[in-house]
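Structure first, then comments.
The values are calculated or read from the model by the stated rules, or taken from the named source; none is laboratory data. Please read these numbers as outputs of a predicted model, since none were measured by experiment. With ideal geometry, Cβ positions are generated from the backbone for all residues, glycine too; neighbour counts draw on all protein chains shown.
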Amino acid sequence: MLSADAWNRLVELFGQATDLPENERIRFIHAQTADDPVLQRELLALIAADADTDATRRLCEPVQRAAEVLLQAAEAEVIAGTRFGPWSVERMIGAGGMGRVYLAQRADGAYAREVALKLVSAPALSGRRHAHFEYECRLLAHMQHPAIAQIHDAGTDPEGRAYLVMEYIQGQPITEWCDQHGASLRQRVELLAKVAEGVQHAHQKGVIHRDLKPANVLVGSVDGQPMPKIIDFGIAIEAEAAETGSGGGTPGYMSPEQSLPDSDVDARSDVYSLGAILYQLACGSCPDGAALQRPSQYLQGLAPQRQAQLASTRGSTPARLRRELRDGLDAIALKALRPARGERYASVSLLLEDLRRWLRHYPPQAAGRTRLLSLRKFARRNRLMVGAAAVVGLVLLAGLAVTSWSLHEARQEAARATVSSRFLASVLDSMDPAMADGLDRTLMLRVLDDASRRAPRDLAAHPDILADMQLIIAINQITLDEYPRAIGHLQSVRALADQHPGLLERQRLRALQILGEAYIVNGTHAQAEAVLQEGIAKASAGGADHHRLGADMRSRLAWVWFQQGRVQPALHLARQALDALDRSGPADDQQRLDAAKRYANMLSTSGDYPQSIALMDEVVQRRTRINGPDHALTLVARRDLVTTRLRMRDFAGAEPELRQLLAAYERMYGVDNAYPMGVRGMLGSALREQGKVDEAGPYYRASMEWSAKRYGPESMSTLVARHNHANWLLAAGQARQSRDEQKALLALADRNLGRANHITAEVLRGLAEAELVLGQSGNALQHANAALQAMRQVYGDQHEGALRDARSTLQKVQAAGDGTAAVGAGAD
């Protein structure tokens, strides 16, 4: 005889099966009931009778009545008004294998709130499971995420019944909500990405869900926007699995290892379940583990009428839906659903990154390096740019057929809305330095230049689209290391925002953020400080998104202050900005990781190596997990980590890592680019400090000459590169040339940076070292003392690591001078 739960499940599955075409029902039944042969037999009998309407009625009605009687009998003891702590039960709203769920409310008058009260059945908590229940309740209570139903309370009543009180979600299972609201494929993936963010948060807290399925992801409305909520984390399932030898879960959604005896379930089981939900959201069916097809392949094998129905509920056509699935979702779903968990995504973070890449029109990592897909995605990301190029007869790449339209058509309101919502939302927040990988740089610049000329004329009637277009052009120019051109477009966005008060505030803030970064790279710190201060002030008057941009700009401003020698306020502001980003978003968010990297670099330069290494290690690990080891963002983090190792004087350990970075950067950007040039200078230092002076020389010269040509002879980058080259001259036995170069650099640094600056202090120290070799001990002592004094002005006496090299130089000068040591001692 079937239990009350089994009757309830039988009725539910019968309804789902009869909604499917006849040729899909048998596979659905086997997938859903593989764990329960009795339930499977009963369900097959019902389906067999379904062709006869009278027989169906005769069978279904008794089943429904029996299920209701059994459920009522099983729950007769819990009546309305029953108290569990301060909570009063109103009515039962659901049931599952671990217990029943009731709608309840606060009964002690403390405040008014409806909640879902889960009463865990006594057999489920026999023996050691009760202790596990209490432990897992504590874990769940620590989870604070918008996509996770909040835990309010937990306890045991006087009769020994354990209960869990959680947020009451008025929503539908994610698949039902999407079908009922006609959600597009993009909207479905956006919802699933939010779910994955919640699961990722749970994993970071040490909690694995174990039973992710549509029924445990409810979608409701929050401020008019759909918001998924994950419910029913596996309370006591782990303990039950330990006793029964199974890993819990629901057939069709649970990973293969969960069905094995003595399985050790880990985060990759939740990855599989998310993949199964993605599969169903994509093509309307649970994945068939025995003969798994790509979602697009499964869709194509359906009857035309069923294809049309599924496409219609996704606001699409069968052909377009299949094309969208082939553009990356097929690969994501199959990787998440690999039977061997070692072949799946290693974490939900990696799955989430691929979902985000697809949403931003980038090829997912699961698809591999497919050139055609990469080019198709590039065209998708840059429709306006590619369209503009097509209008003037430019072909982006031979063999690529690009769909384009005239920018004049954007003047029609419907076309304007489509351009704005579908394209700009995915592009404006993307600054991927690897975007131009493998594409023709010169041709891309021609395309951007043509778009720059046409946009003000063709989009004059639409200032919001014109501002977005200017931002797109600027971002792409920065990607191509064309900062002066980008600055011009960003200034145009500011001017447009001034002309249309209140309309373009988001675009203004984005322009100020990017403009600040462009000025930082060019070494014009006063301008960078001004635009970032302006952006921070304006962001404080906006909503949550503006506040997050404001925190990002505070992090960038801290870096400007640090470069100006204002170390203590810079460190304080950088820590504040990082804390704000930690509070307002996930730990893997790009802005948060960038802020952590800046703060780690400041700590490193200040001599706080242990804290810097710990923070930068975290950034490298997260970047590697999210983007892969050779992604541009990961390489930047690796470069900054090895910079700290250079400061710690681990030159032999830094050399092989720098050679790997240089090779990776040259593959990605070519030889003539800021990234490989910066690493060349660092590699020169690692070689020089190991005594490989002759080998180091070409690296120093290349970095210095490139910086002077690209940024100008008085830029910060050029000053540092020339100083490093002057240090090499001294090591190469050219002390007089080194001294003369350091003198020239000191004049530049005094004029542009002032004495209270760590770069000026390093130049003073280099000058003292050259003068010491030349026997000019008086001048050497003067400049060594000035270097230490400058470092103290910048860092104070609490940052010993930052003062280490200046102290060492002063000690050498004092030891070499006859009678000058006493004079120097007074200065120290």
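Contact annotation: residue pairs with Cβ atoms under 6 Å, 6 or more positions apart or on different chains, pairing a residue in region 304-325 that is closer than 26 Å to P364 by Cβ with a partner that is assigned to a helix (DSSP H, G or I) and among the acidic types (D, E), are T313/D179. Going by the structure shown, is R598 within 18 Å of the chain's Cα centre (by Cα), part of a helix (DSSP H, G or I) and either under 19 Å from T760 (Cα atoms) or touching a residue at least 40 places away in the same chain (Cβ under 8 Å) (or both)? Yes; evaluated as a whole, the condition is true for this residue.
Restricting attention to region 644-700 and to residues that are charged (D, E, K, R) and not in a helix (DSSP H, G or I), the residue that is modelled with the lowest pLDDT turns out to be D672. The set of residues in region 551-572 that are of a type outside the set (A, V, I, L, M, F, W, C), without any contact (Cβ under 8 Å) to a residue 40 or more places away in the chain and in a helix (DSSP H, G or I) comprises R554, P569, H572. Considered as a group, the residues in region 647-668 that are aliphatic (A, V, I, L, M) and surrounded by fewer than 20 Cβ atoms within 10 Å (Cβ to Cβ) include one that is nearest to D579 (Cα to Cα), and that residue is M648.
Contact map, region 145-174: first residue more than 21 Å from V207 (Cβ to Cβ) and in contact (Cβ under 8 Å) with a residue 24 or more places away in the chain, second residue of a type in the set (F, W, Y) and in a strand (DSSP E or B), Cβ cut-off under 6 Å, separation 6 or more or different chains; pairs are D157/F84. Taking (1) in a helix (DSSP H, G or I); (2) modelled with pLDDT of 90 or more in turn, S707 satisfies each apart from (2).
The set of residues in region 345-370 being part of a loop (DSSP other than H, G, I, E, B) and crowded, with 22+ Cβ neighbours inside 10 Å consists of Y345, Y362, P363, P364.
Of all residues in region 500-527, those satisfying the criterion of being more than 26 Å from the chain's Cα centre (by Cα), closer than 24 Å to A708 by Cβ and of a type in the set (G, A, S) are G523, A526. Taken over region 747-759, the criterion of being within 10 Å of L719 (Cβ to Cβ), part of a helix (DSSP H, G or I) and of a type outside the set (V, I, T) is satisfied by L748, A749, N752.
The set of residues in region 175-198 being outside any loop (DSSP other than H, G, I, E, B) and either surrounded by fewer than 17 Cβ atoms within 10 Å (Cβ to Cβ) or not hydrophobic (A, V, I, L, M, F, W, C) (or both) consists of T175, E176, D179, Q180, R186, Q187, R188, E190, K194, E197, G198.
If the condition is being in a helix (DSSP H, G or I) and out of contact with any Leu (no Cβ under 9 Å at 6 or more places or on another chain), then region 624-643 contributes T624, A632, T634, V636, D640, L641, T643.
Residue pairs whose Cβ atoms lie under 6 Å apart, separated by 6 or more positions or on different chains, with the first residue in region 456-480 and closer than 13 Å to A495 by Cβ and the second in a helix (DSSP H, G or I) and hydroxyl-bearing (S, T, Y), are Q470/S492.
The residue of region 476-505 that is surrounded by the most Cβ atoms within 10 Å (Cβ to Cβ), among those that are touching a helix residue (DSSP H, G or I) at 6+ places or on another chain (Cβ under 7 Å) and either among the β-branched types (V, I, T) or on the phi > 0 side of the Ramachandran plot (or both), is V493. Let me confirm something: among Q811, Q789, which residue is more than 26 Å from K692 (Cα to Cα), out of contact with any strand residue (DSSP E or B) (no Cβ under 8 Å at 6 or more places or on another chain) and modelled with pLDDT of 90 or more? Selected residue: Q789, the only one of Q811, Q789 that is more than 26 Å from K692 (Cα to Cα), out of contact with any strand residue (DSSP E or B) (no Cβ under 8 Å at 6 or more places or on another chain) and modelled with pLDDT of 90 or more.
Checked against (1) farther than 25 Å from A756 by Cα; (2) buried (at least 17 other Cβ atoms within 10 Å of the Cβ), A577 meets all criteria but (1). Scanning region 293-315 for residues that are surrounded by fewer than 19 Cβ atoms within 10 Å (Cβ to Cβ) and either out of contact with any helix residue (DSSP H, G or I) (no Cβ under 7 Å at 6 or more places or on another chain) or of a type in the set (F, W, Y) (or both) yields Q293, Q297, G301, A303, P304, Q305, R306, Q309, S312, G315.
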